[in-house]
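Every number in this text was worked out from the coordinates using simple rules, so none of it is lab data. Just so you know, these numbers come straight off a predicted model, no measurement behind them. All Cβ positions, even for glycine, are placed from backbone atoms using ideal geometry, and neighbour counts span all protein chains on display.
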Amino acid sequence: MIKNIKNIMTVLLVTIAGVVFGQIPSAETGTFALTNATIETITKGTIQNGTVVITDGKIAEVGSSVSIPQGAKTIDCSGMTIYPGMIDGGTQVGLIEVSSDPRTRDNNEIGDVIPHIQALTAVNPSSVIHPVTRVNGVTTVLTMPSGGLFPGTAALINLHGYTPDQMYAGFKGAVLNFPATGRRGRWDRRSDEDIKKAAEKALKQLNEVWTKAVQFHKIDSASGGKDQPYYPEMEALLPVVRGEMKLLVNVNSANDIKAAIKWIEENGVDAVLCGASEGWRVADEIAKAGIPVITGPVLSNPTRDYDRYDRPYANAGALQKAGVKVAIRTNEVENARNLPYHAGFAAAYGMGKEEALKAVTIVPAEIFGVSDKYGSIEKGKVANLFVTTGDPFETKTQVKYVFIEGWNIPMTSRHTQLYEEYLNRAPGVEK
Amino acid sequence: MKKIHLIFALLLTITFVMAQEKGSVLIKSGTVLTVTNGTLEDTDVLIRDGKISKIGKGLSAPSGAKTIDATGMFVMPGIIDAHSHLALDAVNEATNPVTAEVWVGDALDPLDVGIYQALAGGVTSAHAMHGSANAIGGQCETVKFRYGEIDPEKMRMAGAPRTIKFALGENPTRVHGSGNGIQPRTRMGVEHVIRSSFQKAKEYMKAWDTYNAKKNDKRFKGKAPAYDLRLETLADILRGNIIIHCHSYRADEIYMLMQVCKDFGIERLVFQHVNEGFKVAPELAKFGAGASVFADWWAYKFEVYYSTAYNAAILTKNGVTTSINSDSGELIRHLYHEAAKSQKYGGLSDDEALSLITINPAKQLGIADRVGSLEEGKEGDVAIFKNHPLSIYAIPMLTVVDGVVRFDRENDPADMRLYPDPEEKIDVTFWEAEDHDRCMANTEFLFTDK
């Protein structure tokens, strides 16, 4: 009895300390049973009044008649729906904390051809942004370096863990910023001539780098990898040349997409088109090439002043209808939490709810080659899931529980903590 | 005789132009979200010559009025954005910490296709603001999105109160202190710049008052004080003729400006962005200051690192008149969705959430007697949605300004530019996201690191 009181006191003290210092409480692991829920498995339909059992970080059982193991912590999910954790197919989460402050930006290293630069290295596990993102049901994000032609290697991370390795979700891809022939923004005041020259130069450089990488692969294969000089950028491109690693190709305007497809096909690269904001213009070409697309932000302005106002909303749906495998990304940092709203707009403007939901769950998992672990609620998969009061895209829907690799994530973030503290501020006007 | 013909022709032209700016339209059988008077099912809204003449059932259209069948759709007041930089050719006069003499109304751009994109998001009015480079920036202009009119004069919401932009924190200290080596470099300096400006304006006002009182006296030998547009504008703030709209983030600087305003007897004050407004919500409520916030933008600079998406809800629950703004050509396209975020973050009711983008911004701009709700006698600014505007599946279908349909999803062509540039050769593809706030537009040259 006394021991119990002591335990209770300890828990209380820890909780109070957490509140006072604004810390996020630790997640909890163990065996959980989420009962009486509607389960949107994504790959195997909807289960009414079902149970999900989580053990050892995995989904141990899913179904309507599942026996609950002894000692499992049961969470009654009556009236609620379980979805697989959402995957944002393109962000800079973990690499940037406060985007205006260069001291907190680790996304953009010096150098034009630096595929060996690893995003995972600079993922800050303590970023305040992780809890803010995951309590909205986004459990997993691709975090990408940015900059020159080959700015580095992106990594898929789960938004829980104390080291980058604990967060790593099993996919890495080299990034290529495909040479752009358009203007990059209103601020881009280069002459037409300069733009053309810059694009030609970049394409020439790309081909040179690629030729070198192919050569490096030949020498490496011939020598069995022995006595190769230290050449980290070429080493990083080796798996891409050999088709063992995906190339994430950032490309947006229609002409550039066509050029990228041509380049990808000529070089036999296993590629993904990222961004593809003008994908709708060349949807059939992309479909024909069979290259998957990660598009977004959906919530954005038309790329050209004369385009119909809703093209960005309708892009994902247009691609999907043309037969392209489409995932949705936010391309965000602090507001990657809005992934469900990007998907929701895509759903409303032609993609439909079901496909949009796939575009933030199973489709990105497939594109990243991790669909054996992520993207749906199936027995044996990693227990990344969230529980809501309804449609996860609807703005007012509340997320009640989030699990990442079986850890029961506290539904706390800087945003909820400030709400708790300031809703009824004490003292008020008078102290 | 010829003259009469000419006058007649001229009159006809004038009538035609007038008819284009103010229209009559009957919106039939919609779910009418009045905002101030609840939700009315299966109800008609009649707009006559630009004004809402009747809200009721079974109304019939006067001759010449267009009829819109809104069966199954939602009819709400046109959305109002209290913070925008659309329709402007110039945003920042970043040459001095105090530039009260300039006015964005001199740089209106009715050809901005962004106006149409905003209309396609149900927005009918906006506060076209000066930027945030200066502690006391330029005067702003409340505009109506009468897209299609090419005369800048027709963008103005005639009769709307005058407003002026102020700015605290990182932007003015970065531009002037770090950039030009002059005050303000700190939040202390910002206070001094504002206080000393008001003090000068007070003295200027007094000098003119003294002169005006004595000038008709034959024995008076003095001269009129030198006219100064900057001081004249500041004096108009002190006189209560101009509403301050102040770019601000941190609680301390928000509190500071309230103290300064109290000391100078200024009552008309709205804070913009005001990310930490939730921390001083009781003080804002007591002062009667408004708060115009982002739904969830944060962490893009250090002064918004300690933010919460629950800001709008905390402010509303503390009794602060709160609006949600865009400050962006992108967010303005879906302010209805931004408003809905206050339901996720803080559980506001439908009417509370809709108020954030209608009647509340109207109050903050001093135009709530004319727009911001669906009431008889108000101006005919209406947005019609498929699905409830607070749903993620909401689709704006028609937007009406002064009774004129300015956006019609089913019938508008894709290319809505008014003035294409024949010189443009390369396909322009804008794919890099805009800076987080457009407030610093035209100051990029000042920084190597944005």
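Things worth noting here:
- On the basis of the beta-carbon distance and an R0 of 25 Å, A:Ala426 and B:Arg195 show a calculated FRET efficiency of 0.20.
- Secondary-structure-derived ellipticity at 222 nm for chain A, considering helices only, amounts to -9500 deg cm²/dmol, per-run term -39500 (n - 2.57) for DSSP H runs with n ≥ 4.
- Diffusion constant of the range A:21-92 at 10 °C, which comes from Stokes-Einstein with the Kirkwood Cα-pair radius and 1.306 mPa s, µm²/s: 117 µm²/s
- Cα extents of the range A:86-374 along the three principal axes, largest first (Å): 56, 48, 38
- The charge dipole of chain A, taken about its Cα centre with unit charges on the Cβ of Lys, Arg, Asp and Glu (plus for the first two, minus for the last two), comes to roughly 300 debye.
- Taking a straight line from the alpha carbon of B:Lys344, these lysines sit under 16 Å away, with near neighbours fewer than eight places off in the same chain left out: A:Lys396, A:Lys400, B:Lys317.
- Peptide A:386-398, shielding by other chains (average Cβ, 10 Å cutoff): 4
- Cα-Cα over 24 Å, subset of A:Lys288/A:Lys321; B:Lys54/B:Lys341; A:Lys44/A:Lys373: B:Lys54/B:Lys341
- As a rough footprinting exposure proxy, the listed residues B:Ser197, B:Ser292 were ranked by other beta carbons within 10 Å of their own, and the order from fewest upward is B:Ser197, B:Ser292.
- Eligible aspartates and glutamates near A:Lys58 by straight Cα distance, threshold 13 Å, same-chain separation 8 or greater: A:Asp372, A:Glu378, A:Glu405
- Stretch in chain B that is longest and holds no GluC sites (Glu not before Pro) that DSSP places in a loop and that have at most 14 other beta carbons within 10 Å: B:1-266
- B:Glu267/B:Phe220 FRET efficiency (R0 22 Å; Cβ-Cβ; nearest 0.05): 0.05
- Of the GluC sites (Glu not before Pro) found in the range A:243-284, the ones in coil according to DSSP and having at most 14 other Cβ atoms within 10 Å of their Cβ are A:Glu244.
- Relative to the longest principal axis of the Cα atoms of chain B, the long axis of helix B:229-238 lies at roughly 80 degrees.
- Across the range A:86-374, the relative contact order, built from alpha-carbon pairs under 8 Å that are at least six residues apart, equals 19 percent.
- Centroid-to-centroid, using Cα positions, the range B:219-284 and the range A:26-51 are 55 Å apart.
- Relative to the longest principal axis of the Cα atoms of chain A, the long axis of helix A:232-241 makes an angle of roughly 90 degrees.
- Per-residue Cβ neighbour rank within 10 angstrom, fewest leading, B:Ser342, B:Ser60, A:Ser253, B:Ser373: B:Ser60, B:Ser373, A:Ser253, B:Ser342
- In nm, spacing of pseudo-spin labels at B:Thr186 and A:Arg190 (7 Å Cα→C-beta vector): 4.3 nm
- Convex hull volume per residue, computed on the Cα atoms of the protein assembly as shown, equals 215 Å³.
- Fewest-first sequence of B:Arg174, A:Arg242, B:Arg333 by Cβ atoms within 10 Å of each Cβ: A:Arg242, B:Arg174, B:Arg333
- Residue with peak Gaussian network fluctuation, chain A [Cα springs, cutoff 10 Å], from A:Leu142, A:Leu156, A:Leu203: A:Leu203
- Compared with the dominant Cα axis of chain A, that is its longest principal axis, helix A:254-267 is turned about 80°.
- Multiplying the residue separation of B:Lys206 and B:Glu101 by 0.36 nm and subtracting their alpha-carbon distance yields 35.9 nm.
- Charge dipole of the range A:298-418 (Cα centre as origin; +1 on each Lys and Arg Cβ, -1 on each Asp and Glu Cβ, all else neutral): 60 debye, rounded to the nearest 20.
- Counting only residues at least eight positions apart within a chain, or on another chain, the aspartates and glutamates with an alpha carbon under 14 Å from that of B:Lys378 are B:Asp49, B:Asp369, B:Asp402.
- Among A:Leu385, A:Leu238, A:Leu95, the largest mean-square fluctuation in a Gaussian network model of chain A (Cα springs under 10 Å) belongs to A:Leu238.
- Residue of A:Gly243, A:Gly161, A:Gly50 that the Gaussian network model of chain A assigns the largest fluctuation, springs spanning Cα pairs under 10 Å: A:Gly243
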